[in-house]
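Structure first, commentary second.
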Amino acid sequence: MDRTPPALLLALFSLLCRGQPGGQPSNEVNLLDSKASQGELGWISYPSHGWEEISGVDEHYTPIRTFQVCNVMEYNQNNWLRTNWIPRNSAQKIYVELKFTLRDCNSIPLVLGTCKETFNLHYLETDEDMGAKFREHQFSKIDTIAADESFTQMDLGDRILKLNTEVREVGPITKKGFYLAFQDVGACVALVSVRVYFKKCPFTVRNLAMFPDTVPMDSQSLVEVRGSCVNNSKEEESPKMYCSTEGEWLVPIGKCLCNIGYEEQGPSCQVCRPGFYKSTPGNARCSKCPPHSYTHHDGAVHCSCEKDFFRAAGDSQSMACTRPPSPPGNVISVINETSVILEWSWPADTGGRKDVTFNVVCKRCGPGQLQCEPCRGAVRFLPRATGLRNTTVTVTDLLAHTNYTFEIEALNGVSTLARAQRQFAAVTITTNQAAPSPVTVIRKDRTSRNSISLSWLEPERPNGIILDYEVKYYEKEQETSYTILRSKGTNVTLSGLKPDTSYLLQIRARTAAGYGAPSRKFEFETTFSISSENSQVVLIAISSAVAIIVLTVVLYILISRWAPECEHGENKTPHFILRLPGIRTYVDPHTYEDPSQAVHEFAKELDASGITIDKVVGAGEFGEVCSGRLKLPSKKEICVAIKTLKAGYTEKQRRDFLSEASIMGQFDHPNIIRLEGVVTRSKPVMIVTEYMENGSLDSFLRKHDAQFTVIQLVGMLRGIASGMRYLSDMGYVHRDLAARNILVNSNLVCKVSDFGLSRVLEDDPEAAYTTRGGKIPIRWTAPEAIAYRKFTSASDVWSYGIVLWEVMSYGERPYWEMSNQDVIKAVDEGYRLPPPMDCPATLYQLMLDCWQKERNNRPKFEHIVSILDKLIRNPGNLKVTANTASRPANTLLDRNSSDMASLRSTGGWLDNARTLPCKDAFGGVGYTSCDTLTKTTAE
Ligand code: ACK
């Protein structure tokens, strides 16, 4: 019989298996491994001649126990082999791995019909070991095991045995343990090894979370397992995984991150070494300290900056430490009038940063740059002065002809952290002369049917002394046909306009640097033509005016008859031009393109041969003032004052000099100095006026201190007020009304003089520069004119109040020795000059009225004239003196006694009158007293 003995099978198996790789997956936990036992396994065979336990060696020559059976020649085989009781532990699902060899029945002769090529696998669950008890029917079949490969006799010759490995699942097992049983029904089989195991998900670390050993459920569902973070890490998102029935970890969710100062290395978090840092939690590596920073200890979360290096608030820990930049270099300035473009180069050292910006500091410097102060006011920087990203800035609106220093500082994000001293590049410049800025504020003061009076404010940046303003106007939509006027002051009256018509106007200022840009266009409209209703009123007004003129003419002729002769004894010829008072308006000589045209429009050209100069009586701005005589053809020689223009004058000086004649020539009033004519066609250029024997009022009063009666003084004041009323009616604002600009003739008649256009700016020694740059006679000027050059007839009224005070104090200097600044301050605070000694209360009240802060509350000259007229008519009203009447609380300082003594006294009333000047003037014409004289008035 060709039967292969089982021992031989095993020996052959040993050969076969030699060199084959072994080992088991990590997720399998053995409950039984027959190969692990070297002693007898002690399994039970039924019947005992069936399965046979045999010792052998495995591929490593390690002794193992095997079972074999090969009863192929006999029918009805039923051989059982039962394992020992196997506790299932936590497992539910059990795997059985069988390794066996099986003989091919065909290769065994004479066994046909009985030989089998399979065997059966069974199991039995129990809660306890039943020992040797075996009941076949208690077992449940798991499967019939067939060989994938069987061997033959030939294989044995070739020594090639084919080992089969079959794995079967058992379960779920619910009892505490179980048995396995192998049923042979007539095969030739060697059971080389039996391994019983279950699967688990083994301990693992995923995403820095630890997951413990987990035994899967038997069912299809997965086991959810929460992980716990490894040391020095913390959960970012709760870590979990699922353990599958196959013992595999599936679907990792969430993770842990290494703490700051620790980095992920494999499945753990390791501390950062010195020189490295980790500032954020996460699984990034520790970073090397960036440039100019360090750490000297383990687990650093950031690196410290080296000395003199810093980290700005917004800098990340990974950025290098940086330092402030060096100053910018090579500052270049390009000056254009009052602007300068500054350019500089990028700093040599940006401190390691890109956020470099520049600040520009402007300083205005005195001569020699010794004293510099921060630039104030309207200096503008384009695009701005600080935080510049480019290396250039344009500075505008500087003052002309001024030294400036610009300090350019480079800054970066750490400049504020460094305590080092400011470093900057500086450039010093001097601005050029520049044209004035445009006039921006224009106001319409008065409109009539064919004229308009305008005033405006000086440009914000005059950039020098404003010589004059050019006023260009034209009918709307007829720009090509325009008229240009020039005005020294900040107001103008445009006359000769069409009624009910729209005009456009532009003003530009002129300084030595030329014209500034014109203002924006200002639109105004003249009023409607007079209606028939109004025309009646006008008719009445004109009739009254004519009546007044006739009366004036008659009076004038009468007075002229009594007028004194000049030194040479020649009689004066009555000289008057019939002009309707109040109808004409003053025309600014600058209206004329050619100023010499203006002078000839208003002033008569005199033949120099008719003029005799006698002596020099004073000095004016443009030359000497002389007294002399004028002989006109077929006229009597008369006494005149002659103003001369000194040799070497400029064209402008000539124009300005003659402008006084152009203005004066327009006036015709007994209290306005009268122009006889001009000499322009030969040299010296002269202005010839009536001669005023007593010269200027201030010096005249000082010379005759306390020598006049109040009525005489009131008479003089009345004359001045009347002259001023005339001027204001003409629309002329004097701007420099003061006793020094009033001339007194031998009849004590006071006349307003000094009409030079540049007078207020240059000529008047009292004029001082205001903060706004204009030159103003502070003590005589109304606050609004000082503050914002608002010169009007109302500001002339204020000045008149001061003249009133000067007259009543016999030429005392207003505000005595107080400084101009103190005067401005005191007046602004509401203080006013106190009444001069023995000044009538009514006159002092008039002064206070003239000094009303609100200019509209001041009396008009018309009103002043009528007040003075009334006082002259009722001199009793002059008896109460202001010093005895209760004084207003806000008069200027109760000065000490010596100061008060210096106030001149009129020295009594009419009874105390100094009549000499009156006698001089009127004695010869039958007037018995000045009282009587003033009642008639010069008019
Ligand atoms: O105070 P006064 O003698 O009077 O000195 C000044 C000087 O010239 C300079 O202005 C005198 N003055 C000016 N105009 C005349 C004039 N029309 N008649 C007489 N003196 C005059 C003024």
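Take the Cβ atoms of D127 and E224, set R0 to 30 Å, and the FRET efficiency comes out at 0.50. Tell me which aspartates and glutamates have Cα within less than 14 Å of K476's Cα, excluding those fewer than 8 residues away on the same chain? Cross-link targets: D500, E523, E525.
Take each peptide in 712-719, 240-247, count the other Cβ atoms within 10 Å of every residue, and average; sorted highest first, the result is 712-719, 240-247. Each of the peptides 733-739, 670-676 was scored by the mean count of other Cβ atoms within 10 Å over its residues; in descending order, highest first, they stand as 733-739, 670-676.
Once the Cβ-Cβ distance of R873 and K636 is raised to the sixth power relative to R0 = 35 Å, the FRET efficiency obtained is 0.50. The modelled label-to-label distance between D213 and N856, using points 7 Å beyond Cα along the C-beta direction, is 10.6 nm. Placing a label point 7 Å from the Cα of K498 along the Cα-to-Cβ line, the residues of the stretch 454-478 whose backbone N sits under 19 Å from it are 472-478. Gain on full extension, evaluated as 0.36 nm per residue between E475 and S90 minus their Cα-Cα distance, stands at 127.3 nm.
Between N336 and S866, the contour length at 0.36 nm per residue exceeds the Cα-Cα span by 185.1 nm. The order of H863, H292, going from fewest to most other C-beta atoms within 10 Å of their C-beta, is H863, H292. In the stretch 60-190, if every C-alpha pair distance is counted and binned at 5 Å from zero, what percent goes to each bin? Binned Cα distances yield the sequence 2, 10, 18, 19, 18, 14, 10, 6, 3, 1.
With a Förster radius of 60 Å applied to the C-beta separation of K240 and T394, the computed FRET efficiency comes to 0.35. Based on a Kirkwood Rh over C-alpha pairs, give the Stokes-Einstein translational diffusion coefficient of the stretch 779-824 at 25 °C and viscosity 0.890 mPa s in µm²/s. Reported coefficient: 222 µm²/s. Positive end of the dipole of the stretch 270-394 (Cβ unit charges, origin at the Cα centre): among S318, N330, C305, the Cα lying farthest that way belongs to S318. As a size descriptor, the averaged projected area of the C-alpha convex hull of the stretch 23-78 was calculated at 5.5 nm². Calculated from the alpha-carbon coordinates, the stretch 212-257 shows an Rg and a Dmax of 11.7, 37 Å respectively. Here the stretch 490-510 is scanned for amide nitrogen atoms under 16 Å from the site 7 Å beyond the Cα of E525 along Cα-to-Cβ, giving 498-505. Sorted on the mean count of surrounding Cβ atoms within 10 Å across their residues, most packed first, peptides 56-68, 199-211, 330-342 read 199-211, 56-68, 330-342.
In a fully extended conformation the segment linking K646 and E169 would gain 158.1 nm over its present Cα-Cα distance, using 0.36 nm per residue. Can you bin the stretch 792-862 into rounded, prolate or oblate? Criterion: square roots of the alpha carbon gyration tensor eigenvalues sorted a ≥ b ≥ c, rounded for a/c under 1.5, prolate for a/b above b/c, oblate for the rest. Verdict is oblate for the stretch 792-862. Ranking P291, G266, S244 by Cα position along the charge dipole of the stretch 201-299, where only Lys, Arg, Asp and Glu carry charges on their C-beta atoms, puts P291 farthest toward the positive end. Working from label points 7 Å from Cα in the Cα-to-Cβ sense, the A517 to F134 distance is 12.0 nm. Label-to-label distance, D614 versus A348, with points set 7 angstrom from Cα along the beta-carbon direction: 8.3 nm.
Every read-out reported here was derived from the displayed coordinates using simple, explicitly stated rules and does not represent laboratory data. Please read all numbers here as calculations on a predicted model, not as lab measurements. Here Cβ is always computed from backbone atoms with ideal geometry, including for glycine, and neighbour counts include all displayed protein chains.
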